[in-house]
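The values are calculated or read from the model by the stated rules, or taken from the named source; none is laboratory data. Just so we're clear, the structure is a prediction, and the values are computed from it rather than from any experiment. Quick reminder, even Gly has a Cβ in these numbers, built from the backbone with ideal geometry, and neighbours come from all protein chains shown. Remember, those area values only see protein heavy atoms, side chains included, never the ligands or the DNA or RNA. Shrake-Rupley method; radii C 1.70, N 1.55, O 1.52, S 1.80 Å.
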Amino acid sequence: MKLSIIVPCYNEADNIQKLHDELLPVIEDMLIHGWHDASKEIHSAEMIFVDDGSRDETFSKLKNIFSGPNKSGVIFKFLKHETNLGLGAAIRTGFSKADGDIVVTVDSDGTYKFSEIPTFLSFLTPGVDIVTASPYHPAGGVVGVPANRLFLSRGSSFLYRILVDRHVYTYTCLFRAYRSEVIRNISFSSNGFLAGTEVLVKAMLKGYRVAEFPALLYRRMYGVSKAKIAETIFAHLGFQGWIFLYRLQLMLGHKPKHAI
């Protein structure tokens, strides 16, 4: 089984060393010991860094720090947008270059602990297509995250629970694992922070099964969040309206105008 790790980055120069020191050893260890237990073997792994038009030294630091001697067999791919296109565009670029049987997207700021990836992947049992981190799950939690970020994320997830599936608690995180079939069959149009939610919801509407990993969400240690609050709110509201109409058309026995 091959594992692809996609890391979108935008002006994250201060976090590159943290990625190297905390994420890479986890991937290297899984190549030796598998994930969660020895029965889940990984024969190869790639880390795909997508620099989304950073204006700082993010791209040069990525190449300098990760292009050193590599005896572990991890493959590194460095991709760069010449201008800032948005988180969704970076995810789309990463998906297009991912060769893994399992594709994992992670936050470059380490707000979810990279050390939990092996346990996180253990939730990808037969019949499960997507595993998503869930700080809003009753067994999850939040540590030191600014209230304004929580208000947007938690409020949006609450509305998606009403519109899509009340058994899923968190719809807005990036820390997620997909079977490759999902990213091949689900398209998404958002270039912004809505993208992760759009992929998850459309996959659920298409019948893919989701498991939640109760996780702790931490505040970022370096840099600042790149989310544009007003733009993200309007994007979620527009998508929620789309879901409502899609559901309504199905209830009325009509074929939805926009296929998933």
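Remarks
- Per the conditions (1) hydroxyl-bearing (Ser, Thr, Tyr); (2) surrounded by 14 or more Cβ atoms within 10 Å (Cβ to Cβ); (3) in a loop (DSSP other than H, G, I, E, B), the sole criterion not satisfied by THR83 is (2).
- Number of the condition not met by SER72 [criteria: (1) open to solvent by 20 Å² or more (accessible area, probe 1.4 Å); (2) closer than 26 Å to ASN185 by Cβ]: (2)
Residue-wise test of (1) closer than 28 Å to THR170 by Cβ; (2) at pLDDT 95 or above; (3) in contact with a helix residue (DSSP H, G or I) (Cβ under 9 Å, 6 or more places away or on another chain).
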position	(1), (2), (3)
VAL50	yes, yes, yes
LYS61	no, yes, yes
GLU82	no, yes, no
LEU87	yes, yes, yes
ASP101	yes, yes, yes
VAL104	yes, yes, yes
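- Residue in region 160-176 that is among the hydroxyl-bearing types (Ser, Thr, Tyr), open to solvent by 30 Å² or more (accessible area, probe 1.4 Å) and free of Cβ contacts under 8 Å to residues at least 60 places away in the same chain present: yes
- Filter result for ALA211 (open to solvent by less than 40 Å² (accessible area, probe 1.4 Å), farther than 15 Å from VAL106 by Cα and modelled with pLDDT of 95 or more): yes
- Within region 65-80, the only residue that satisfies the criterion of being within 12 Å of ILE16 (Cβ to Cβ) and at pLDDT 95 or above is PHE78.
- Candidates are the residues of region 217-241 that are open to solvent by 70 Å² or more (accessible area, probe 1.4 Å) and hydrophobic (A, V, I, L, M, F, W, C); the one that is modelled with the highest pLDDT is LEU237.
- The lone criterion from (1) touching a residue at least 12 places away in the same chain (Cβ under 8 Å); (2) more than 28 Å from PHE123 (Cβ to Cβ) left unmet by GLY68 is number (1).
- Residue-level analysis places PHE213 outside the set of residues that are in contact (Cβ under 8 Å) with a residue 60 or more places away in the chain and either more than 16 Å from PHE123 (Cβ to Cβ) or among the acidic types (Asp, Glu) (or both).
- If you filter region 185-200 down to residues that are within 13 Å of the chain's Cα centre (by Cα) and β-branched (Val, Ile, Thr), you find that the one that is farthest from SER157 (Cα to Cα) is VAL199.
- Unique match (being open to solvent by less than 70 Å² (accessible area, probe 1.4 Å), among the acidic types (Asp, Glu) and either closer than 21 Å to ASP109 by Cα or not in a helix (DSSP H, G or I) (or both)) among GLU41, GLU22, GLU46: GLU46
- Test: residue in region 6-19 that is under 18 Å from the mean Cα position of the chain (by Cα), of a type in the set (Phe, Trp, Tyr) and within 20 Å of GLY73 (Cα to Cα): no
- If you filter region 148-159 down to residues that are among the polar types (S, T, N, Q) and more than 16 Å from the chain's Cα centre (by Cα), you find that the one that is surrounded by the most Cβ atoms within 10 Å (Cβ to Cβ) is SER156.
- Test: residue in region 95-116 that is without any contact (Cβ under 8 Å) to a residue 60 or more places away in the chain, open to solvent by less than 30 Å² (accessible area, probe 1.4 Å) and part of a loop (DSSP other than H, G, I, E, B): no
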